[in-house]
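Down below is the structure, laid out as structure tokens.
The values are calculated or read from the model by the stated rules, or taken from the named source; none is laboratory data. Keep in mind that this is a model prediction, so the values were computed, not measured. A quick note on method: Cβ atoms are made from the backbone with ideal geometry, for glycine too, and the neighbour counts reach across all protein chains shown. Just the protein is used for accessible areas: all its heavy atoms, side chains included, with ligands, DNA and RNA removed. Shrake-Rupley method; radii C 1.70, N 1.55, O 1.52, S 1.80 Å.
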Amino acid sequence: TRFKDREANINVDGHLDEPEWASLPSYHNYRVIRPDTLAYPPYRTDFRLFYTEQGLYMSFDMEQPKETLIEFITARDSLSVNRDYVNITLDTSGDGRYGYWTNLALGGNQIDGTILPERLYSREWDGAWYGATQITDKGWSAEFFLPWSQIAMPKTSGTRRIGIYTSRRLAISNETWGWPMLPRSQPRFLS
């Protein structure tokens with residue numbers, strides 16, 4: 001969904017109380033991918049996104065009992081602790097040549113980098129993107145804004161395609177839940 005910049009009144013604070021979020025469809029068919037069981041997770045995850053001329057807005061609204069939330073505050077790009085977080089990976093080339101990944105941990109820690117072919121991940125990219133999390137009555141939420149100016153995209157004539165993958169880490173059970181679960185021959189693209 002595209003909004004005009006003046007229509008998108010999002011304060012990236014982790015509270016998903018703006019009317020834009022309520023007006024969007026949610027993607028919630030996550031499956032357990034680590035360990036690789038493809039089981040349905042016990043708690044719901046609703047992912048939403050939209051874009052403007054300035055960038056891409058994304059949110060996660062997640063169910064989880066408060067006593068199971070695991071939050072650790074660390075330096076940026078620290079992957080060494082087991083904590084709850086969400087991930088968004090974007091194929092901004094549209095054909096698997098390169099992309100960007102961003103993780104937002106409960107408590108607001110940012111972890112990000114680039115991805116190249118052959119699954120070459122690097123944490124060297126520290127993009128100027130915005131993210132915040134909040135503990136909610138039913139679990140926690142995360143909100144992202146990624147300005148287009150922070151990512152490379154090839155010049156294109158016509159419709160731009162961006163591949164997207166999201167996941168959620170549930171630290172207490174040492175599981176990762178992924179979406180979308182589609183065969184390789186059917187990639188999920190934003191157009």
Cα pair count fraction exceeding 13 Å, expressed as % - the stretch 96-140 | 60
For residue 5, put the label point 7 Å out on the Cα→Cβ axis and report which residues of the stretch 116-160 keep their amide N under 12 Å from it.
-> 148-149
How much solvent-accessible surface does residue 120 expose, in Å² to the nearest 10, with a 1.4 Å probe and all protein chains in place?
-> 100
Descending Cα extents along the principal axes, the stretch 123-163, whole Å | 45, 26, 15
With each run of n ≥ 4 DSSP H residues scored as -39500 (n - 2.57), what mean residue ellipticity at 222 nm is computed for the chain after dividing by its residue count and rounding to the nearest 500 deg cm²/dmol?
-> -500 deg cm²/dmol
Calculated on alpha-carbon atoms, Rg and Dmax of the stretch 23-133 in Å | 14.9, 42
Percent of Cα pairs exceeding the 15 Å cut-off, where the set is the stretch 45-91 | 60
Distance between the stretch 28-56 and the stretch 63-124 - C-alpha centres, whole angstrom | 13
Could you bin all the Cα-Cα distances of the chain into 10 Å bins starting at 0 and give me the percent of pairs in each, rounded to whole numbers?
-> 9, 37, 40, 14, 1, 0
